[in-house]
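Here is the structure we will look at, set down as structure tokens.
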Amino acid sequence: MPGSPPARPTTAAGPSPKASPRPTPTPPTPSSHSFTVTPARHAHTLERGHAYLRRIQNPDGGWPVYLRTNPSEAAMTGGAMTALADRPRANAAAIASGARWLIRNQQSDGTFERGWSLSEGNALFRAAHGLHAALDHRLLDPETAGHARRAVHRATSYLRTTQNNDGGWGHRHGSPSDPISTGYALAALGPTTRPTVLHAAGAYLSTLQQPDGGFDSVPDTASPRPIPLDLPALAPAYVLRGLTHAFPTPAQARPGQQQ
């Protein structure tokens, strides 16, 4: 029958004897199993990635989605700056140019153009992380650093004032809350935000978690723009990202790094 397991091989004396049971594997100990990427071990691979990001940076200082000279976008720029901050001194000029692009392209209400995401929070958290990387590593001149701090403040102030009554955030101000947008907002705000804001968001997310641990959410990605594309894995991924930024454990917090 299709799908039936293969028959056990036989010999003239009858079916072959059963194999001995496999020994129970010993669980790995923390000392023998590490998920940390060692910079020295992967230095060549990391540098190739950094070189690629420097190569596709646009002349205006921002980063495009696909190819150099395609329009720069806030989410891509913030993400590239955060990645390059692994080697801040080597990538200082590229990061500083990206910071200036974000400062120039922030909208009057503190948001950024949404790009390929339907949610304002996506570009907001990536831009905030990129600017924090530039500030934390002191890669900006005093005047630009002042503008960068104000840009982060405007972005996070916008999120604090647009939180819905149920504790979550939606695609835009006034939109119904959804898990992905709430994860984005928590990632942007981080642990220094008022506890009442963070706890309300955590309570909202806890009411939506499914029995299997996942989350259902409205689509966030637009591909091709502006057609929504439903990617179910995004909801739990960005909820976890937001929660780990808003409620970091001591092991996650690194000196000098904005969570």
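Any residue in the stretch 193-208 that is among the small types (Gly, Ala, Ser) sitting within a Cβ distance under 6 Å of a residue that is part of a helix (DSSP H, G or I)? List the pairs, counting only those 6 or more apart or interchain.
Close Cβ pairs satisfying both conditions: Ala201/Thr182; Ala201/Leu186.
From the list Ala93, Ala75, Ala99, which residue is in contact with a Lys or Arg (Cβ under 7 Å, 6 or more places away or on another chain) and not assigned by TED's automatic domain parsing to the domain that holds Pro176? Talk me through it step by step, then tell me what you get.
Details: Ala93 fails: in contact with a Lys or Arg (Cβ under 7 Å, 6 or more places away or on another chain); Ala99 fails: in contact with a Lys or Arg (Cβ under 7 Å, 6 or more places away or on another chain).
None of the others qualify; the one that does is Ala75.
Return yes or no: is Thr82 under 16 Å from Arg241 (Cα atoms) and among the β-branched types (Val, Ile, Thr)? Show your work before the answer.
Details: under 16 Å from Arg241 (Cα atoms): yes; among the β-branched types (Val, Ile, Thr): yes.
Spelling it out, Thr82 is indeed under 16 Å from Arg241 (Cα atoms) and among the β-branched types (Val, Ile, Thr).
Given the conditions (1) farther than 24 Å from Leu139 by Cα; (2) loosely packed, with under 10 Cβ neighbours inside 10 Å; (3) at pLDDT below 95, report the number of the one that His44 does not fulfil.
(1)
Quick one: would you say Arg241 is surrounded by 13 or more Cβ atoms within 10 Å (Cβ to Cβ), in contact (Cβ under 8 Å) with a residue 12 or more places away in the chain and assigned by TED's automatic domain parsing to the domain that holds Val65? I'd like the intermediate steps shown before the answer.
Working: surrounded by 13 or more Cβ atoms within 10 Å (Cβ to Cβ): yes; in contact (Cβ under 8 Å) with a residue 12 or more places away in the chain: yes; assigned by TED's automatic domain parsing to the domain that holds Val65: no.
Judged against the criteria, Arg241 is not a match.
Restricting attention to the stretch 215-235, and to residues there that are free of Cβ contacts under 8 Å to residues at least 40 places away in the same chain and within 17 Å of the chain's Cα centre (by Cα), which single residue is farthest from Glu113 (Cα to Cα)?
Residue satisfying both the conditions and the ranking: Phe215.
Which of the residues spanning the stretch 172-192 are of a type in the set (S, T, N, Q) and either surrounded by 22 or more Cβ atoms within 10 Å (Cβ to Cβ) or in contact (Cβ under 8 Å) with a residue 40 or more places away in the chain (or both)?
To start, the set of residues in the stretch 172-192 that are of a type in the set (S, T, N, Q) comprises 175, 177, 181-182, 192.
Once the filter is applied, which keeps residues that are of a type in the set (S, T, N, Q) and either surrounded by 22 or more Cβ atoms within 10 Å (Cβ to Cβ) or in contact (Cβ under 8 Å) with a residue 40 or more places away in the chain (or both), the stretch 172-192 yields Ser177, Ser181, Thr182.
The values are calculated or read from the model by the stated rules, or taken from the named source; none is laboratory data. Keep in mind that this is a model prediction, so the values were computed, not measured. Cβ: placed from backbone, ideal geometry, glycine included. Neighbour counts: every protein chain shown.
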